[in-house]
Structure formats: structure tokens, C-alpha cells
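The structure appears right after this line, and notes come after that.
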Amino acid sequence: MKPFRITLTVLAFAALASCSTGNDVERRIDKLLSKMTLEEKLGQMNQLSQGDEAWMCEQIRQGSVGSILNEVDPAAINRMQRVAVEESRLGIPLLPSRDVIHGFRTMFPIPLGQAATFDPDIIREGARIAAIEASACGIRWTFSPMIDIARDPRWGRIAEGFGEDTHLTSELGVAMIEGYQGDETSGNATMAACAKHFIGYGAAEGGRDYNGSPIPMRTLHNVYMPPFKAAVDAGAMTFMTSFNEIDGIPSTGNEYILRDILRDEWGFDGMVVSDWNSAGEMIAHGFAADDMDAAVKAVNAGVDMDMMSHTFIGTLAEAVREGKVSEKTIDEAVRNILRLKFRLGLFENPYVDEKYAAEIQYAPAHLAAAKKAAVESAILLKNDGKTLPLNSVRSILVTGPMADAPHDQLGTWSFDGEASHTVTPLASLRRMFGDKVRIVYYPALMYSRDKNKGNLARLTAMARSVDAVVAFVGEEAILSGEAHSLSDLNLKGAQSDLLRAAKASGRPVVAVVMAGRPLTIGRDLENCDAMLYSYHPGTMGGDAIAELLFGVEVPSGKAPATFLKDAGQAPFYYNHNNTGRPASGTETLIDEIPLCAGQTSLGCTSFYMDSGFGPLFPFGYGLSYTTFEYDGISIDKEEYGQNDTIHVTFTLRNTGDYDATEVAQLYVRDLVGSITRPIRELKGFQRITLKAGESRECTFDLPVEELAFMGFDNQTRVESGDFQLWVAGDSASGDPIPFRVL
Ligand code: GLC
């Protein structure tokens with residue numbers, strides 16, 4: 001009996017150790033902290049990117065490294081972890097990290113594409129799969145989700161977030177955090193999430209990356225903060241500061257956002273990491289005089305760990321001795337770091353099974369989920385004459401530089417995605433439909449920037465020999481992402497010419513766009529009968545697009561960011577304020593302006609003479625192969641108290657020929673506030689799947705408290721008054737229903 005008793009005891013201890021409660025963790029931190037030298041504390045605050053392993057191991061052995069990033073080889077991570085745990089003085093495990101942004105090996109659509117699904121479940125599942133694949137290799141911290149609101153498609157990192165809307169970004173950011181962290185963060189298949197970039201990075205002036213973000217205080221609170229607050233409430237274990245400044249203060253040195261808001265108001269007890277050298281870059285900003293000044297400003301503002309500026313490890317011991325930073329501040333930072341490591345179970349389970357790490361990548365269930373996400377992320381922007389689905393064609397010409405582009409299809413931030421595993425549209429069309437449809441392939445352009453028009457005449461001639469043309473255009477992966485801003489959002493190279501050449505054949509033309517942002521594709525719409533916008537759809541994009549083209553799947557994606565007519569309209573977003581002179585939509589545009597027109601003859605409203613006011617396609621827009629109608633939209637009362645919930649009911653009808661999914665959207669407008677309010681704000685959405693001809697009673701329940709905002713007195717509350725509410729298939733449709741809040 002004795003062995004059994006021993007086993008039971010051992011199991012009990014292991015269970016106790018692995019599921020340390022909060023108090024146990026704090027006691028373990030206290031005990032460890034009391035043993036640490038100042039140098040060892042600063043070592044925990046130092047994050048280093050993968051480099052020469054022997055040198056890294058020596059730094060780790062000396063206790064000078066708390067976290068490593070960009071190492072993805074499980075054997076190398078195990079080797080460095082053994083040095084930390086078994087050879088350093090205190091045996092504190094390393095925290096291996098990586099930008100696992102939209103998948104690790106199995107690549108999901110870029111986050112902007114995932115946002116087009118309006119489906120938190122598929123995003124949670126994708127993050128869960130990313131955590132399984134990455135944590136198997138030893139990566140226990142990802143720098144994701146990026147929940148920066150982006151209202152300007154010139155900014156290359158619009159690809160990496162969830163678009164322009166605060167509510168959608170909040171909901172999807174939480175789903176991603178839940179996916180990464182799982183139910184029990186100390187479990188093996190979990191990673192700490194990182195809510196980034198705190199804050200306002202997406203408002204870079206001019207859409208030019210790293211530029212200052214001119215965000216007024218109330219807009220900061222009402223538009224940019226809610227997704228981060230939702231991240232704290234969802235238990236995000238880490239935050240990352242942003243490169244940008246707001247009103248002269250770089251986020252990495254901004255005590256108001258990092259301590260007053262994040263810690264004191266929101267109660268965040270996780271860990272804050274700087275962005276890559278963002279501490280050191282405060283010198284270039286002109287906010288810090290030198291490395292020590294930068295480190296002192298960062299750590300006093302509330303940054304716990306320094307990513308790759310080396311200023312913390314290099315200067316803070318001296319800064320403490322000079323009294324510029326208290327050891328109490330250092331201890332607080334180290335406490336946050338150790339708490340994260342305890343919560344991840346790294347002290348109990350620092351190593352990974354290298355064999356399992358190899359086996360779990362690209363599991364069939366992972367690929368199936370990635371395909372589902374790619375199907376749901378595609379937006380049908382145009383479908384004249386029901387060109388799609390291609391049910392009746394017997395032959396197609398597949399053309400364009402993105403038809404068979406395994407690297408570029410993965411999109412930006414796909415460090416660990418492998419092009420060799422990418423399923424391209426050409427491969428899928430051949431495999432899935434090649435026995436029923438003659439598939440001719442002629443790319444005509446070699447890559448998205450290819451300016452060579454020499455093949456277009458042949459393209460036109462070849463198109464005349466088939467029933468339809470499917471042209472895959474868009475952006476190479478490198479044309480979006482960090483530091484990849486664009487001032488011109490038209491299709492690059494000769495891609496628009498390619499569509500024109502295809503159209504000249506007289507055959508139906510389907511354009512499929514793979515891009516990292518909403519491009520200005522207005523001029524291309526006249527050269528195609530249908531357009532499917534799939535962003536960069538990831539590893540399984542080919543199968544997803546092939547099934548959408550032939551009606552096996554039906555498009556359900558909705559625009560998470562406005563499609564502009566022209567880059568000159570940026571920044572543009574649906575939830576804008578009305579101004580005192582809102583556009584009427586009847587303004588005289590430049591080609592109709594009479595000669596010698598009098599100065600005031602055109603009217604005085606807020607619009608562009610050349611591109612009018614409205615967008616090409618609004619936020620929330622997306623077609624289907626079927627049609628949907630919204631009937632009987634009603635609310636349960638005319639007046640609501642502050643603690644009430646608005647109960648909205650409506651009937652959704654599938655009035656077409658295909659079983660399909662609609663994303664019903666709930667919008668609200670506060671007609672008069674102590675400050676001006678947006679003309680619409682998304683407050684709810686749901687995916688509703690109906691069979692052809694089916695109709696269903698549906699509901700939204702909206703607590704009145706969700707109408708709160710920071711008003712004139714900088715207090716956040718729901719202001720009484722008149723409101724309007726819409727239920728529709730996009731942000732520009734539907735009829736308003738009035739109600740009052742008392
Ligand atoms: C980059 C990015 C940040 C990323 C970090 C580590 O510069 O701004 O989002 O997580 O460095 O790669």
C-alpha cells in the first residue's frame with residue numbers, strides 16, 4: 001500500500017504547486033524577491049531577442065535575462081531554459097516570447113481579415129490553435145492581440161488589428177485573449193496574451209507609421225481605450241506600450257496611461273513590456289536626454305520589462321544609486337514579471353517535449369479551422385448578374401499575380417508560417433474542380449508590383465477561349481504591416497490594366513483581392529462583374545476561395561474598415577461626428593461645376609469636390625449569394641432608465657436561393673450630448689444562418705449603461721436625452737427607431 005500512499009502525496013503536492021492560488025504566488029514572489037540582488041532584479045526586466053546562443057546562455061547564466069523573443073526552435077529554447085533553471089543562481093525560468101499574430105505554423109487570415117468574420121468564436125479558436133502550436137515549441141507569451149483602432153488604410157498595420165470600430169475591436173480582442181490564455185494559464189497549451197499597442201498607435205498622423213497621434217483626451221477615452229479596458233477585464237496577462245507620442249508624451253514614458261489609468265483605474269496586475277527599443281527611442285523623440293533618462297522615465301511611468309533597448313540593464317543600477325529610481329519601483333516591476341511566470345506555471349514546467357512540438361503543427365483540425373476562418377473572412381463587394389457562384393461554367397482562365405503566391409497569401413506578421421504549406425487558389429481550383437471545369441492558368445503579371453503590360457494582349461485573347469475569368473490581384477505581403485505605409489492605395493503595378501484586359505475579352509470577370517488593407521479598388525470595379533475581397537487569407541486561403549467561387553460556401557464577410565473612394569479621403573470612418581455642415585449627398589461634383597462658378601454657388605457642406613463625401617463601401621458592408629430582409633424591427637419601450645436594458649426584436653428573412661449567414665448589426669446614435677457624438681456607433685452584432693426562404697425572430701439586448709461616454713466634464717456616464725437605433729446589414733442602411741434615456 002505504501003507506494004500508492006507516496007504517489008498520492010506526490011500528486012497532491014504537484015497539484016498544489018501547479019495551481020498556486022493568488023496568495024501562494026505572492027508569498028513565493030516575496031520569498032524570491034528577498035533573495036535577489038539589484039542586478040538580478042534588473043536582469044528579470046531585460047528582454048533579449050534571439051542571437052548567438054553561447055552569448056545568450058552566458059547572459060542567462062549571470063541572471064541578466066528575464067525573457068527571450070524570436071527563438072522558435074524547441075530544442076534551443078529547452079537548452080536556454082536549462083541554463084536559467086539549473087545554472088543561474090536563483091533558477092528563475094525564462095519567458096520565451098514571439099509575435100504569434102494570426103497563427104504560428106497554421107496561418108489564419110490576417111487579423112483584419114478575421115475581423116471581417118464578425119465571429120468571436122472562430123477568432124478564439126484560431127488563437128487557441130496558435131497557442132497549442134506555439135507553446136508546444138516553448139513559446140509562452142505572444143505579442144497579440146493588436147487592438148489599435150485604425151481609421152486610416154494608409155497605415156500598414158491596419159492589417160494587424162480589427163479595423164476602425166471600438167466595439168468590434170473590443171469583442172474580437174477579448175476572444176483572441178481567451179483563445180491564447182485558455183481557461184487555466186498554467187496549462188501547457190497556453191500563452192500569455194499581450195494587449196498592444198497601448199495606446200493610440202493606429203491614429204498615426206497621415207497614416208505614416210510611428211508618427212505622432214493627435215488624439216484629444218475625450219476621444220482617447222471614448223474611442224481608443226475601451227478595447228484595452230475590455231482586455232484587462234478579460235484577464236490579459238500583459239500589455240505593450242506603443243511607439244507613438246500623444247500630445248508630446250511617448251506612450252513608453254506616459255505615467256497617466258500606464259499608472260493612473262491601467263493600474264489605478266482599471267486594476268491591471270499583469271506585466272507591461274515596452275515595444276522594441278521604444279524606451280531608447282524616447283531619446284529620438286526628444287523626451288529623454290540619454291539612456292539613463294529614457295530608462296528612468298520608462299520604469300517610473302510604469303514599464304516593467306524593456307524590449308531590446310538595453311537601457312534598463314545598462315543604467316538602472318546607477319539610477320537607483322543616484323536616487324532617480326527607487327528600489328521599491330524596481331521591486332514592483334519584478335513582482336509583476338515573477339507573477340506572470342508563476343501564473344504560466346513556468347516554475348513547475350519550464351521545458352517542452354520536442355517530439356510533440358513537431359507532431360502538433362498543421363494538425364488537420366487546425367487546418368480545417370483556418371479554412372473556416374478564411375471562408376468567413378471573405379467579403380463579396382460586387383456580384384452583378386449573379387456572376388458568382390460559377391455554377392454553370394465549363395472553363396475558366398485563372399490569372400493575376402496572387403493566384404499562386406504561397407508566400408504573399410500568408411500576409412504580414414507570418415514569421416513562422418511556411419509557404420510550403422500554403423494552399424493557393426490555383427492549386428485548390430485544380431484539385432477541387434479540375435475534373436469538372438477546364439482550368440487555364442496564365443498569370444500575366446509575376447507579382448503585385450509588376451508593371452509589365454506585355455502579356456495583357458495575350459490575356460485578352462486567352463480569355464475569349466473560356467467561359468469566365470478569375471483574376472487574383474492585391475498586395476504582396478511586404479506591402480502591409482509595420483513601417484509599410486502607403487500614400488497611394490490603388491492596386492500596384494499593372495494589375496488594374498490586367499483587369500481591364502480581362503474585361504476587354506467580353507467574358508465575365510471575377511476579381512479576387514488578397515491584400516493587407518482596404519485598397520481603393522473603385523476604378524477596378526468597372527472592369528469586373530464580381531469582386532471577392534479576401535484580405536490575406538492564410539494557409540488555407542486557396543480551398544476557402546475555391547469553395548466560395550463555386551458556391552460550396554457562401555460569402556458572409558463584412559467590412560471591418562471602410563473602403564475609400566480615394567486615399568485622399570483618409571482618415572475616414574463610419575462613426576464620425578456630424579459637423580455643423582454635414583454633406584447632403586447632392587453636392588455638385590467637379591465634373592458638373594459650371595465655368596466661372598461663383599464662390600458660394602456650390603453650397604457649403606463638408607465634402608470633396610472630386611470624390612464627394614461618402615466611402616466606396618461603408619463599414620459593415622458585405623453581400624451574399626442570397627438576399628436578406630430585416631422586418632418588424634422594434635424595441636420594448638420608448639423610454640429607458642439608466643439601469644434598463646433595451647430589448648430589440650426583428651425578423652430576418654433569407655429571401656434568396658442560398659442557405660447563408662448574415663451579420664446583423666445594431667447601431668445607436670446619441671442625438672445631443674454635452675459633447676458632439678458619432679452619427680452611429682456599433683453596439684452589437686450577431687451571425688445568423690438561415691436556409692433559403694427561412695425567416696427567424698431575432699433579438700439584441702443592449703444595456704443602457706453601454707451608451708456611456710466621457711462628456712464635457714470628463715466624467716463617463718450615460719447622458720439622458722433622445723437616441724436613435726438601427727438594426728441593419730451595414731453601417732449605412734436601415735431606418736432609425738427613436739427612444740429616450742431618462
Ligand atoms: C515590433 C512591433 C511589436 C512587436 C515587437 C516584437 O516593432 O511594434 O508589435 O510585438 O516589435 O517583434
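Can you pull the accessible area of D73 for me, 1.4 Å probe, Å² to the nearest 10?
Counting only protein heavy atoms, the figure is 60 Å².
Could you list the trypsin sites (Lys or Arg not before Pro) in region 59-94 that lie in coil according to DSSP, counting only those with at most 16 other Cβ atoms within 10 Å of their Cβ?
Taking region 59-94 and a limit of 16 other Cβ atoms within 10 Å, the loop trypsin sites (Lys or Arg not before Pro) found are R89.
Quick check on the chain: helices-only [θ] at 222 nm, where DSSP H runs of length 4 and up contribute -39,500 (n - 2.57) each and the sum goes over total residues. Nearest 500, please.
One gets -8000 deg cm²/dmol as the mean residue ellipticity at 222 nm.
Per residue, how much accessible area does the chain show when a 1.4 Å probe rolls over the protein heavy atoms, in square angstrom?
The answer is 37 Å² per residue.
How far is the Cα center of region 143-197 from the Cα center of region 333-400, in Å?
When both Cα centres are located, 14 Å separates them.
Given the chain reduced to its alpha-carbon atoms as identical point scatterers, what log10 I(q)/I(0) does the Debye formula return at q = 0.08, 0.09, 0.10 Å⁻¹?
Computed log10 I(q)/I(0) values: -0.68, -0.85, -1.03.
Using 1/(1 + (r/R0)^6) with R0 = 30 angstrom and r between the beta carbons of D722 and D260, what's the FRET efficiency to the nearest 0.05?
0.35
What range in the chain is the longest one free of GluC sites (Glu not before Pro) that are in a loop by DSSP and have at most 14 other Cβ atoms within 10 angstrom?
1-183
Would you mind checking the tilt of helix 364-377 against the longest principal axis of the Cα atoms of the chain, expressed as 0 to 90 degrees and rounded to 10?
The answer is roughly 50 degrees.
Would you mind computing the Rg to Rh ratio of region 62-202 from its alpha-carbon coordinates, Kirkwood style for Rh?
1.03
With both bridge residues required to lie in the chain, what share of the DSSP beta bridges run antiparallel, to the nearest 5%?
55
Pull up the cross-link candidates among the lysines for K386, meaning alpha carbon to alpha carbon under 18 Å and not fewer than 8 places away within one chain.
Excluding near neighbours in sequence, the set is K503.
Over the chain, what is the relative contact order in whole percent, taking alpha-carbon pairs under 8 Å and six or more residues apart?
Taking the mean separation of contacting Cα pairs over the length of the chain, I get 13 percent.
What is the percent carbon and sulfur in the accessible area of region 628-741, measuring with a 1.4 Å probe over the protein chains and ignoring ligands?
On region 628-741, the fraction of accessible area on carbon and sulfur atoms equals 43 percent.
Before anything else, pin down the relative contact order of region 628-741: Cα pairs under 8 Å, at least 6 apart, normalised by residue count, whole percent.
In percent, rounded to a whole number, it is 32.
Based solely on C-alpha atoms, express the radius of gyration and the Dmax of region 628-741 in angstrom.
Final numbers for Rg and Dmax: 15.3, 53 Å.
What is the spin-label model distance, in nm, from R218 to D644 if the labels are put 7 Å beyond Cα along the C-beta direction?
Reported label-point gap for R218 and D644 is 2.5 nm.
Between region 204-225 and region 99-135, what is the separation of their alpha carbon centroids in Å?
26
Quick one: check the C-alpha center-to-center distance for region 508-570 versus region 585-631, whole angstrom.
Comparing the Cα centres of region 508-570 and region 585-631, I get a distance of 22 Å.
Given the pairs K558/K683; K196/K229; K637/K691; K382/K565; K229/K637, which span a C-alpha to C-alpha distance of over 20 angstrom in this model?
Check vs 20 Å cut-off fails for K637/K691; K229/K637.
When DSSP assigns beta bridges and you keep just the ones with both residues in region 394-517, what percent turn out antiparallel, to the nearest 5?
For region 394-517, the DSSP antiparallel bridge percentage is about 0.
Suppose each label sits 7 Å from its Cα in the direction of the beta carbon; what would the D488-E706 distance come out to in nanometres?
Label-label distance for D488 and E706, simple model: 4.3 nm.
Going Cα to Cα from K35, which lysines come in below 30 Å? Please leave out same-chain ones fewer than 8 positions away.
Those lysines meeting the cut-off are K297, K324, K328, K341.
The values are calculated or read from the model by the stated rules, or taken from the named source; none is laboratory data. Owing to the predicted nature of the structure, the values given are computational and were not obtained by experimental measurement. Glycine also receives a Cβ, built like all others from the backbone with ideal geometry; neighbour counts cover every protein chain displayed. Surface accessibility is based on the protein's heavy atoms, side chains included, excluding ligands, DNA and RNA. Shrake-Rupley method; radii C 1.70, N 1.55, O 1.52, S 1.80 Å.
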